[in-house]
Amino acid sequence: QGILQIIPLPLHVEPDHSHGCAQGSCYPATGDLLVGREKNLKASSTCGMRRKEPYCIVSHLQDEKKCFDCDSRRPYDPVYNTINHRVENVITTFKPHRKKSWWQSENGKSDVFVQLDLEAEFHFTHLIMTFKTFRPAAMLIERSADFGRTWQIYRYFSHDCTAAFPGVPQGPSRNINDVLCESRYSDIEPSTGGEVIYRVLDPSIRIEDPYSPSIQNQLKITNLRVNFTKLHTLGDNLLDPRDEIKEKYYYAMYELVVRGNCFCYGHASECAPIVGIRDDIEGMVHGRCVCNHNTKGLNCERCDDFHNDLPWRPAEGRSTNACKKCNCNGHSSQCHFDMAVYLATGNLSGGVCDDCQHNTMGRNCETCKLFYYKDPVKDTRDPQVCIACDCDPDGSQNGGMCDSHTEPSLGLVGGQCRCKANVEGPRCDKCKTGFFGLSPHNPQGCQPCQCDHRGTVSGSSQCDPVSGDCFCKRLVTGRSCDQCLPEHWALSHDLNGCRGCECDVGGALDNHCSMQSGQCRCRSHMTGRQCTQVESRYFFMALDHFLYEAESAKMGQVSPPEHQPGRPATWTGSGFARVPEGGTLEFLIADIPYSMEYELLIRYETQMPRDWEDVQITVIRPGPIPTSSPCGNTIPDDDRLTVSLPAAARFVVPAPAVCLERGVTYTLRFEFKRYQDANSILHGAAEALLLMDSVRGVYFSTSLKCDTASSSRKQAYERYRCREGAKSVTRPMMTDTCAKLILSIDLMSFLLCPPTACNCDPQGSVSSMCDVRGGQCACKPNVIGRRCDQCAPGTYGFGPSGCIGVPMVTMVTPFWAKHPVLSVARALVLKAPTADATLLRLVTRTTVTDKLSATVTRATRVRLKYLCICVHVYDLLLCCSSHQYFLRYVAS
């Protein structure tokens, strides 16, 4: 706290007792510090404390009694117990029996001490000891100022200082705090009544400043101890070790006087008992000063509470040097002294107010504290002089501080808030335009709006002042309007801000794309921004990919087609299956990729002018359908379909769709029951024929799971009748709308059949690339098949150059004219189709076959080979193939 300043008191200035403390300095009287403190005095050795002990005295009188008893177990009584020699007997009583009581140590003990423990700090001036026996041959006096924690030696005494205390200097003393050894109080004479006197302040030494810290420290004690270290003897104890000899040598003291007072620095004329100390003991020196001059403390060593405007100083002469009350304008009752403030004011005032009330602060509580301002119309001492600032702490400088007072010269207006750079408003509680997020952690108060001009309405940089959300265009999102909505991309200055991803519903995983590039997330082997393109050397299966050729069906009679150059083929595979009325076809279906409903696309060419009226289709399953399977709801009637085949059409899709499951093998049976007008045919129903091309399994559109976007495309697909163009073998030129829709709808089947490698035949195809829709490879001349792996009808010799077409043979005399069987065959063929049955009966006879084998030469067999191909009679080719040599020739 404050700095203790000791004011010098000249040695010649004596306390003025002619006036009270009000007129100047005043001092309490000194006295014997032992009085009233019997319990605070102790000795390390006392005779007779455990039992009665004998002792003797040294005397030259022959008739005087020389030995006595000591019994200190009971208190001293001048009548009944005069042999008690406890240490409290040394306290001065001024009673008649003063010389009949004393303290005495045990016999023969050299190292003994007597110690006084005080309850407070006292100023010790001098000590007087009166001994009953010889004075000690060596002793020392020491004191403690911290209640026994540390000790300092005042003075050594010895009749032989060099031997008893080697290294300790001997007098005279030059300074007050010199530690010396002196010998004048240690002679063996007198044998009784000898004194030892010690003064703390040697009168022979001039003291310039009695209140200096060194002098005050030298006088201050809390404990005083006298250590006796050596007995005076006559030397007989060195020759005779008997106890009787030791009984003559001990320490015995009549009286001990410790003079001192409660020193009060001139600010008290009396002392009072410390709490817990009796106050009814006559002559007792108490330890608490009764302070005046606005001082306090046990020794009046500091200023009283709220009297710290001047530094504490001791009183001297007629100057009280009283402590001065602090000036806190009525807003505090506590203060402290600050030397720096005192010196700064020219030694006029050093008081600093503590704990200012009523929202005030300052050395004298003269200003309003932070976040308050002074009411200009009220007095400084008014408890309501300071008013709280009404500033938003987040938007104001210094956490909501306002101007503490009005000062026009400094531009201050009491109560005015000082806003941060990006904040405005009387309370500094609003972000400026173009800023948001008022925060106490932002030195600027608010942060600038982070709006992307491309995505904000009208390109504005304004945003919500609280959240910072910018005002986005219709298809833009994000706090800064810097992101497109899901399923959109290409942030720009367009009206709506972004464009739709338009990812293909089949080729993409979903309709999400990169906001920067628009690239959709493609499925495996799909590419392109919208995932509409299949990777090189891959294709995707069209909805009608699964094809079952009629010429490969069971019980089908095959009729090879005639392909005319320049005209598109009207069939798939190698040709048609010729089916008469009442005939049947059975298709084996074992490659269903996914369990669902399939539509059956039937492709055919009628040879008759009217419709086939009754064709029955039956799905033959390997066994009962488990109710837990995907087709568990199918009933028997669902597997029986009836359809008519219009003469004017080349395809038909019977209803309803049929449910087929993956991993199950089915038989699809067609029964051609009735032609519409068999009676109009020359030979009746037996001559009614149908050329059956193929059956395709088409994914039933309602079985495909679609999201909202793909559902809308399916609706458009059906509205524009795009599906019809995909049913025919010869497909017409489709519109751009249908082309795009068919691509997406086909790609939807990706979930069932992902893109497949082209696997184009390296001999029959032009390259390894194929049509992405359907997988048709680019074939070499006269090569057909999706993979370009077979010769076209009317060609042969599949090889690296494709297939070889049948050459036109020019003859003067046709070779078949020389063979009656071939002549009949040609005639019957030219009457087709009615001649087919007759020819069949002719060529299947064994005699005819044998005749051909025997008569046909090698050259004729070559021509016969061409004939069998060119005349379009497959039965005749069967006839020719019965000859083994012919088979080897064809194979070659």
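The values are calculated or read from the model by the stated rules, or taken from the named source; none is laboratory data. This is a predicted model, so every value here is computed, not measured. Using ideal geometry, Cβ is built from the backbone for each residue, glycine included, and neighbour counts are taken over all protein chains shown.
Could we say that Gly506 is at pLDDT below 90, outside the structural domain of Met596 (by TED's automatic domain parsing) and either buried (at least 21 other Cβ atoms within 10 Å of the Cβ) or not in a loop (DSSP other than H, G, I, E, B) (or both) here? Yes. Could you list all residues from segment 393-418 that are under 34 Å from the mean Cα position of the chain (by Cα) and surrounded by 21 or more Cβ atoms within 10 Å (Cβ to Cβ)? Within segment 393-418, Gly395, Ser396, Gly400 qualify. For segment 605-620, the criterion of being farther than 29 Å from Gly575 by Cβ and either at pLDDT 90 or above or of a type in the set (Phe, Trp, Tyr) (or both) is satisfied by no residue at all. Tyr548 satisfies every condition listed in (1) surrounded by fewer than 16 Cβ atoms within 10 Å (Cβ to Cβ); (2) closer than 20 Å to Gly774 by Cα; (3) in the same structural domain as Glu597 (by TED's automatic domain parsing) except (1). The set of residues from segment 509-541 being surrounded by fewer than 17 Cβ atoms within 10 Å (Cβ to Cβ) and in a loop (DSSP other than H, G, I, E, B) comprises Ser514, Gln516, Ser517, Ser524, Gly528, Glu535, Ser536, Arg537.
Yes/no per residue for (1) at pLDDT below 85; (2) under 15 Å from Glu671 (Cα atoms):
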position	(1), (2)
Arg523	no, no
Ser552	yes, no
Pro561	yes, no
Ser574	yes, no
Arg578	no, yes
Pro593	yes, no
Tyr598	no, no
Pro622	no, no
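Working carefully through the options Arg674, Arg669, find the one that is touching a Ser or Thr at 6+ places or on another chain (Cβ under 8 Å), among the basic types (Lys, Arg), at pLDDT 85 or above and part of a strand (DSSP E or B). Write out each step before concluding.
Values: Arg674 fails: touching a Ser or Thr at 6+ places or on another chain (Cβ under 8 Å).
Checking each option against the conditions leaves just Arg669.
Against the test of being touching a residue at least 40 places away in the same chain (Cβ under 8 Å) and either loosely packed, with under 13 Cβ neighbours inside 10 Å or assigned to a loop (DSSP other than H, G, I, E, B) (or both), the options Val643, Val664, Val579, Val619 yield a single qualifying residue, Val664. Tallying residues that are surrounded by fewer than 19 Cβ atoms within 10 Å (Cβ to Cβ), touching a strand residue (DSSP E or B) at 6+ places or on another chain (Cβ under 8 Å) and assigned to a loop (DSSP other than H, G, I, E, B) within segment 181-224 yields 4. Within segment 305-336, the residues that satisfy the criterion of being within 55 Å of the chain's Cα centre (by Cα) and either part of a loop (DSSP other than H, G, I, E, B) or polar (S, T, N, Q) (or both) are Asp305, Phe306, Asn308, Cys326, Asn327, Cys328, Asn329, Gly330, His331, Ser332, Ser333, Gln334.
The set of residues from segment 419-443 being within 27 Å of the chain's Cα centre (by Cα) and assigned to a loop (DSSP other than H, G, I, E, B) comprises Gly437, Leu438, Ser439, Pro440, His441, Asn442, Pro443.
Based on this model, can you work out whether Ala648 counts as in the same structural domain as Met608 (by TED's automatic domain parsing), modelled with pLDDT under 75, hydrophobic (A, V, I, L, M, F, W, C) and over 15 Å from Phe546 (Cβ atoms)? Break it down into steps so the answer makes sense when it comes.
Values: in the same structural domain as Met608 (by TED's automatic domain parsing): yes; modelled with pLDDT under 75: no; hydrophobic (A, V, I, L, M, F, W, C): yes; over 15 Å from Phe546 (Cβ atoms): yes.
For Ala648, the condition - in the same structural domain as Met608 (by TED's automatic domain parsing), modelled with pLDDT under 75, hydrophobic (A, V, I, L, M, F, W, C) and over 15 Å from Phe546 (Cβ atoms) - is not met.
Cys431 falls short on exactly one of the conditions (1) under 30 Å from Asp304 (Cα atoms); (2) in contact with a Leu (Cβ under 6 Å, 6 or more places away or on another chain), and that condition is (1).
Keeping to segment 242-271, report how many residues are small (Gly, Ala, Ser), over 17 Å from Asn107 (Cα atoms) and assigned to a strand (DSSP E or B). The number of residues fulfilling the criteria is 1.
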